[in-house]
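All remarks here apply to the structure that follows.
The values are calculated or read from the model by the stated rules, or taken from the named source; none is laboratory data. Since this is a predicted model, take the numbers as computed values, not measurements. When we count neighbours, we look across all protein chains shown, and the Cβ atoms used for this are built from the backbone with ideal geometry, even at glycine.
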Amino acid sequence: MLRYTLKRFGVALLVALTVSVVAFTLLRLSGDPAAALAGEGATEEDIEYVRKHYGFDQPLLTQYSAWLVKALKGDFGVSVYLKTPVSEIIFERAPTTLILGLCALSFALILSIPLGVLAAMYPNTIIDRTALTIAVVGQALPSFFFALVLIIVFGVWLRMLPISGSGSWLNFIMPSVALGYYATPAIMRLTRAGMMDVLSSDYIRTARAKGLRPRVVLFKHALRNAIIPVVSLSAVQLGFMLGGSIVIETIFSLNGLGNLAWQSIQRSDFEVMQAIVLTVASFYIVLTFLADMLNAFLDPRIRVH
Amino acid sequence: MKTKLMIAAALAATALTSNAALAGKADDTLNWSTTRDVDVALPYFNNVRETVILTRHTWDNLLYRDTKTFEYKPLLATSYKWVDNKTLEFKIRDGVKFHNGQPFTADDVVATYNLVSKPDSGVLTKRNVSWIDHAEKTGPNTVRVYLKNTFPAALEYVSGPMAIFPKDIWATAKKDAKGKPDYGTVAPIGTGPYKMTKVVPGERIELEKNADYWKGSPKGQPSIGKIVFRTVSDPEAQIAELLSGSLDWIWDVPKDKADQLKLIGIANVVSAPTMRVNYLAMDVAGRSGKGKDNPWLNDKVRKAVAHAIDREAIVKNLVGGAAKVVHSACYPSQFGCTSDVPKYNYDPAMAKKLLAEAGYPNGFSTDIYAYRQRPVTEAIMGYLGKVGIKTNLKYMQYKALRGFAWDGTAAFHNMTWGSYSVNDVSAIASHFFNGGRDDYCRDQSVIDALKKGDTNTDPEVRKAAYKQALTTVAKKLCWLPMFSYSKYYSFTHDLDFTPTADEIPRFFTAKWK
């Protein structure tokens, strides 16, 4: 297990490094960063001043090395636009994205686990098909479109929920549903498959034979075993949600990392963009790493192979 | 039953606690929104349009540019004069107070002008202040502003971005990470019709009516009690908020949505002109190559392009509203602009004839670069295709295209320019035809004529010089000016509001019906 852990950890570090290199390079290849920062109408002298001031005249490798050394110490530079240390901005905005991600995941689990259990209990029936349809619609429906439908229904027609901002817990309801619905099919199908597998196993037959109530058999014995792989999948889905929050946060004007990424792209705030890419990638890498560890712990065959 | 009641109660509680409350006339609060966020709400240190708008409400300038006549009226200065080509003198008004109660004096003008014109002041849009050499108090109520060079358009900037702050405020600036004063952190204190009372960076900015705003201001007296700006990043969500009543005013509504809003009738929809101009630039100077295979060097090819495109149809069907075809490389209201230049009507038969005469009887292929309103560029491509000019669209972000335009690669590009709402030809023609990186004409007679117009304070001399330059640009077709844009505004029926062409909504002149 230790060897497997170290191997996965090494891969995770390599992935993080690769992401940082790719993000750094692509940002600087997207146009002249000095001209972008200097703004429209800047003179040649203004642009040269910005180029020297921010070190854009240095070779790319030198720029990257300098940035990496500072980043490893937690210093992601200063936002050109906000004139504030980037790490401060990230810390300020990250909680909103985390709350959104966790709420979205909660919604996905609340919707998909019962659907998966129902589908497994009544396989190949209308209940099974309906549950699958509800789940698949979530994957087929673009999240931005679904978000707008929610806005129309709950924001405009019914006027029940606020449409934008992050001032209260009510502001997170529609965004969580819009973001979480996309993860429903994967979790639902895994739950269904796991439950069907477990429900046909010998120890469940024994439990039924012993006269245990169906609810006890289902929740105490079957679901507890079937849900284990869902936990590791949820970790990965959470990573997706954190990275995919940019659209939802922009639509609902939530002041999280996703919205910040969108604003930084528009303003060519390179330092912030880079830090966000690395932060979100790191979240995803950590969650995937934890999911791998959990899977390996639960299934020793994974460690061997 | 118990579960059902709980659900009903929860829904009811949600409805009661929802903050999707009606805004507007009922609580004397105008809620407006754009898609952009404002993190720094001070003029000079943020150059987004929203800050420009908030600046006009919170601060006054020395002069005020009338929105209809474009003449300069006294504001914090009671009068002005040109002492010489490089010196402006202002008489400062008495009896005006800043929002913190401090009296406004000539010293405040001097302090503001001298600080923002320093190279290390941190001012973002350098063109707004780079014309200033220094300011000096020459009497108890007299200030002289010395220019670095003759710059007659200076009054545009005096009446535009040059907001006046209290002199002592700069000392309160926080220090940045390098120990340098960050002047963008000072308090938002001005003399304007509204006080800035709350700033939540990136989310909202609140203004309250300045009940003590000085009488006799050309801005009038503010009527609406409170103005709240919110960022709503998604245009669809903005419209939804307008429909639900939690927003009173939005702009930049796409044409198709504006048409739908008009049909619904739940809000006013108004189209107003803007100073932004769409144009096609052609590589007359041969920056992309001077060989025979550069079709843009041939004036018959350029004329063919001009005759091939039905600009009226594009304006009517794709842009709409108050948009208009323009014939000159300027916006019609800009000082020095003239439409008395060679014009090119839509005549595809003439276009084909000219191409044949130019040696392209079967047309030719070319790249076209663009960054904005793709349907417009695609319509242009369609018209050109009909006469044989096959275009390959290179559509990209503005910042990327700007690089290609600057290095001469974008021999044929479709771009726009807003002149920073400066009502002077120097903000457009002199920018694009001064021999610099944006100039695809590089005609010395144009460069000289523009320089003459830019550096002479006699209005008639300036007009004549600009007319000469604009006529040559039109004759050579360095640009084919396409149209001036319009903007759709949508606001509650309770609001009496009139938009202006400079894209600066003035809520201090608006009122509830």
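Among the residues of segment B:165-184, those identified as within 14 Å of another protein chain (Cβ to nearest Cβ) and closer than 26 Å to B:L75 by Cβ are B:A173, B:Y183, B:G184. Residues in segment B:349-408 that are farther than 23 Å from B:K255 by Cβ, among the charged types (D, E, K, R) and within 33 Å of the chain's Cα centre (by Cα): B:D367, B:K394, B:K399, B:R402, B:D407. In this structure, does A:A94 turn out to be more than 11 Å from chain B (Cβ to nearest Cβ), in contact (Cβ under 8 Å) with a residue 60 or more places away in the chain, farther than 15 Å from A:S282 by Cβ and outside any loop (DSSP other than H, G, I, E, B)? So A:A94 does not fit the description; no.
Considered as a group, the residues in segment B:409-440 that are away from chain A (no Cβ under 11 Å) and small (G, A, S) include one that is nearest to the chain's Cα centre (by Cα), and that residue is B:S421. Listed by first and then second residue, the pairs linking a residue in segment B:72-92 that is within 20 Å of B:T455 (Cβ to Cβ) to a residue that is surrounded by fewer than 19 Cβ atoms within 10 Å (Cβ to Cβ) and β-branched (V, I, T), with Cβ atoms under 6 Å apart and 6 or more places separating them unless they lie on different chains, are B:W82/B:T457; B:N85/B:T150; B:N85/B:T457; B:K86/B:T150; B:E89/B:V83. Screening A:I228, A:I265 for residues that are surrounded by fewer than 21 Cβ atoms within 10 Å (Cβ to Cβ), within 14 Å of chain B (Cβ to nearest Cβ) and in contact with a helix residue (DSSP H, G or I) (Cβ under 7 Å, 6 or more places away or on another chain) leaves exactly one candidate, A:I265. For segment B:473-509, a residue qualifies if it is buried (at least 22 other Cβ atoms within 10 Å of the Cβ) and aliphatic (A, V, I, L, M), and the qualifying residues are B:V473, B:A474, B:L477, B:L480, B:M482, B:A501.
Put simply, of A:L199, A:L179 the only residue that is surrounded by 20 or more Cβ atoms within 10 Å (Cβ to Cβ) and over 20 Å from A:I110 (Cα atoms) is A:L199. B:N149 passes every criterion in (1) exposed (fewer than 15 other Cβ atoms within 10 Å of the Cβ); (2) in contact with a Leu (Cβ under 6 Å, 6 or more places away or on another chain) apart from (2). Screening segment B:221-238 for residues that are in contact with a helix residue (DSSP H, G or I) (Cβ under 7 Å, 6 or more places away or on another chain) and at pLDDT 95 or above and picking the one that is farthest from B:F508 (Cα to Cα) gives B:F229. Screening segment A:233-259 for residues that are within 14 Å of chain B (Cβ to nearest Cβ), assigned to a helix (DSSP H, G or I) and among the hydroxyl-bearing types (S, T, Y) and picking the one that is farthest from A:L105 (Cα to Cα) gives A:T250.
The one condition from (1) more than 24 Å from A:L72 (Cβ to Cβ); (2) in contact with a Phe, Trp or Tyr (Cβ under 9 Å, 6 or more places away or on another chain) that A:G258 does not meet is (2).
Of the residues making up segment B:340-374, those that are within 26 Å of B:W417 (Cα to Cα), loosely packed, with under 15 Cβ neighbours inside 10 Å and touching a helix residue (DSSP H, G or I) at 6+ places or on another chain (Cβ under 9 Å) are B:D340, B:K343, B:N345.
Beta carbons closer than 9 Å, at least 6 apart along the sequence or on distinct chains, pair a first residue in segment A:163-186 that is farther than 13 Å from A:T250 by Cα and facing another protein chain (nearest Cβ under 8 Å) with a second that is of a type in the set (V, I, T) and not in a loop (DSSP other than H, G, I, E, B) for A:S168/B:T17; A:L170/B:T14; A:L170/B:T17. Residue count for segment B:429-462 under the criterion of being in contact (Cβ under 8 Å) with a residue 60 or more places away in the chain and more than 21 Å from B:K86 (Cβ to Cβ): the result is 8. Among the residues of this structure, B:T87 counts as one that is more than 14 Å from chain A (Cβ to nearest Cβ) and in contact with a strand residue (DSSP E or B) (Cβ under 7 Å, 6 or more places away or on another chain).
When A:L60, A:L98, A:L105 are checked against the criterion of being surrounded by fewer than 18 Cβ atoms within 10 Å (Cβ to Cβ), touching a helix residue (DSSP H, G or I) at 6+ places or on another chain (Cβ under 8 Å), within 30 Å of A:A147 (Cα to Cα) and of a type in the set (A, V, I, L, M, F, W, C), A:L98 stands alone in meeting it. Scanning segment B:99-135 for residues that are in contact with a helix residue (DSSP H, G or I) (Cβ under 7 Å, 6 or more places away or on another chain), farther than 20 Å from A:H53 by Cα and not in a helix (DSSP H, G or I) yields B:V129, B:W131, B:I132, B:H134, B:A135.
Conditions (1) under 30 Å from A:P229 (Cα atoms); (2) of a type outside the set (S, T, Y); (3) in contact (Cβ under 8 Å) with a residue 60 or more places away in the chain, marked per residue:
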{"residue": "A:F107", "(1), (2), (3)": "yes, yes, yes"}
{"residue": "A:I110", "(1), (2), (3)": "yes, yes, no"}
{"residue": "A:Q139", "(1), (2), (3)": "yes, yes, no"}
{"residue": "A:M160", "(1), (2), (3)": "no, yes, no"}
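Among the residues of segment B:173-192, are any crowded, with 23+ Cβ neighbours inside 10 Å, polar (S, T, N, Q) and in contact (Cβ under 8 Å) with a residue 12 or more places away in the chain? Yes, segment B:173-192 contains a residue that is crowded, with 23+ Cβ neighbours inside 10 Å, polar (S, T, N, Q) and in contact (Cβ under 8 Å) with a residue 12 or more places away in the chain.
Please work out if B:V253 is within 22 Å of the chain's Cα centre (by Cα), within 14 Å of chain A (Cβ to nearest Cβ) and hydrophobic (A, V, I, L, M, F, W, C). No.
Quick grid of which residues meet (1) surrounded by 17 or more Cβ atoms within 10 Å (Cβ to Cβ); (2) at the interface with chain A (Cβ under 9 Å from one of its Cβ atoms):
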site: B:T197; (1), (2): no, no
site: B:G202; (1), (2): yes, yes
site: B:I205; (1), (2): yes, no
site: B:K209; (1), (2): yes, no
site: B:I224; (1), (2): yes, no
site: B:T231; (1), (2): yes, yes
site: B:Q238; (1), (2): yes, yes
site: B:L243; (1), (2): yes, yes
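Of the set (1) within 14 Å of chain B (Cβ to nearest Cβ); (2) outside any helix (DSSP H, G or I), all apply to A:V149 but (2). Screening B:T138 on (1) within 14 Å of chain A (Cβ to nearest Cβ); (2) of a type in the set (S, T, Y); (3) surrounded by fewer than 19 Cβ atoms within 10 Å (Cβ to Cβ); (4) touching a residue at least 24 places away in the same chain (Cβ under 8 Å) shows it passes everything except condition (1).
From the set of residues in segment B:390-414 that are in a strand (DSSP E or B) and touching a helix residue (DSSP H, G or I) at 6+ places or on another chain (Cβ under 7 Å), which is surrounded by the most Cβ atoms within 10 Å (Cβ to Cβ)? Only one residue tops the list, namely B:N414.
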